[in-house]
Amino acid sequence: MEKAPENYIDAMILRQDEIDKGEAIIADPTDANYAGDAAVAAAWEIYKGFNAVVPERVLRPATGGRGDVISGATWSNGLWMMEIKRALVTNDPDDVQFDLGKKREYEYSVATFDNCGRGEIPPGHNTFGDGQYQILRFE
């Protein structure tokens, strides 16, 4: 967990560069590098103020096929808007190759997952991944 997160998002997201800069501590007493009761208690007080929990994963730059995709999202007026970008041709055998000289329409779907950690879909949230496909058309 972070020693001194600045806000809720900072507390909930732990990046590798934050660990490398010494901004994080080990909060697991069974780990040989445990930060100690006093350090963990001090960090927990900050986390409580933000109503945050210890991050489950360390975010690292994506590699391989996942590293080919760039995405960003914003939440506004009750809706998410997401933009996804990658090369049309990646030469990765797991990827669809968007060869516009051969084909101009491709079926696709997008699955979303809310890693809320509660083991259930929170009220007001939806999951999409029921096998419905859309058509991506290049003009």
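None of the figures in this text is laboratory data; all of them are computed from the coordinates on show. The structure presented is a predicted model; accordingly, all values stated were derived computationally and were not measured. Counting neighbours? That spans all protein chains shown, and the Cβs are built from the backbone with ideal geometry, glycine included.
Modelling each spin label as a point 7 Å along the Cα-to-Cβ direction, I'd like the F138/V54 distance in nm, to one decimal.
For F138 paired with V54, the spin-label model returns 4.7 nm.
Ranked highest first by the average count of other Cβ atoms within 10 Å around their residues, in what order do 87-97, 47-57 fall?
With the highest mean Cβ count within 10 Å placed first, the list reads 47-57, 87-97.
Roughly speaking, what is the centre-to-centre gap between segment 1-77 and segment 86-103 when only Cα atoms are used, to the nearest Å?
Spelled out, the Cα-based centre of one part sits 35 Å from the other.
Could you go through segment 21-29 in sequence order and give the Karplus-derived ³J(HN,Hα) for each residue, using 6.51 cos²θ - 1.76 cosθ + 1.60 with θ = phi - 60°, rounded to whole Hz, and x for Gly and Pro?
So the Karplus estimates, Gly and Pro as x, are 7, x, 8, 10, 10, 8, 9, 8, x Hz.
Got the relative contact order for segment 1-96 handy, in percent, Cα pairs under 8 Å and 6 or more residues apart?
Computed value for segment 1-96: 26 percent relative contact order.
Using alpha-carbon pairs under 8 Å, 6+ residues apart, how would you state the relative contact order of segment 8-59 in percent?
57
Quick check of the Kirkwood formula: for segment 8-59, what is the inverse mean of 1/r over all pairs of different Cα atoms, in Å?
Value: 11.5 Å, from the Cα pair sum.
Give a residue-ordered list of calculated ³J(HN,Hα) values for segment 75-89 (Karplus: 6.51 cos²θ - 1.76 cosθ + 1.60, θ = phi - 60°; whole Hz; x for Gly, Pro).
Listing the rounded values in order: 10, 8, 6, x, 10, 8, 10, 10, 10, 10, 9, 7, 5, 5, 10 Hz.
Would you be so kind as to identify which of P29, I13, N51 lies farthest towards the positive end of the dipole of segment 8-59, taking Lys and Arg as +1 and Asp and Glu as -1 on Cβ and the Cα centre as origin?
N51
Provide the packing ranking of 10-19, 37-46, i.e. peptides ordered by the mean count of other C-beta atoms within 10 Å per residue, highest first.
Values: 10-19: 16.5, 37-46: 13.9.
Ranked from most to least packed, the peptides come out as 10-19, 37-46.
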